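Let me begin by presenting the structure, written as structure tokens, before commenting on it.
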Amino acid sequence: MTEPVSIESLTGAVEIVPQDLQAIATAIDRAAQVRDGDSVALLALLRLLEQRHREICETQFRDALPNNRHTLYTLLRDIEVHGGWPYIQRMKLRSLLANYPGLDASTETEAIPCVEREGAGPSSLDREDANPDEFQ
């Protein structure tokens, strides 16, 4: 058996990752490497990870939330020490288009009809809290 792996969290604290979670991380790394260079396949992997994240949050995690002050303090302290709340960040459409050769700020809104024009306010695609289901 291999030893549990230590990782540094966002806050710099070192934590031990259990073997089963390390195996999951290794499998995800392998899946990403196999799909290296294939944006559609990598997007499918990211969607799968996001779906699993959402399902765990809405079921097991919600059911496991603290029901007394002591366990609430323990949870909040863990969040503070180990880097905050888990979050899967979405790439903004403008960031995606920045990597597309031949598009500049003047042509990017003309090329994509759903992006609002300059001065008309931010597009819902630019919001970090945008619902992904709105665009599928």
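The values are calculated or read from the model by the stated rules, or taken from the named source; none is laboratory data. This is a predicted model, so every value here is computed, not measured. FYI the Cβ positions are ideal-geometry reconstructions off the backbone, even for glycines, and counts take in every protein chain you see. All accessible areas refer to the heavy atoms of the entire protein, side chains included, with ligands and DNA or RNA removed. Shrake-Rupley method; radii C 1.70, N 1.55, O 1.52, S 1.80 Å.
Ordered from highest to lowest accessible area with the whole protein assembly present and a 1.4 Å probe, 39, 95 read as 39, 95.
With the cut-off at under 11 Å, measuring from each backbone N in region 56-73 to a point 7 Å along the Cα-to-Cβ line of residue 24 picks out 56-57, 61. Computed over the alpha carbons of region 20-72, Rg followed by Dmax gives 15.5, 48 Å.
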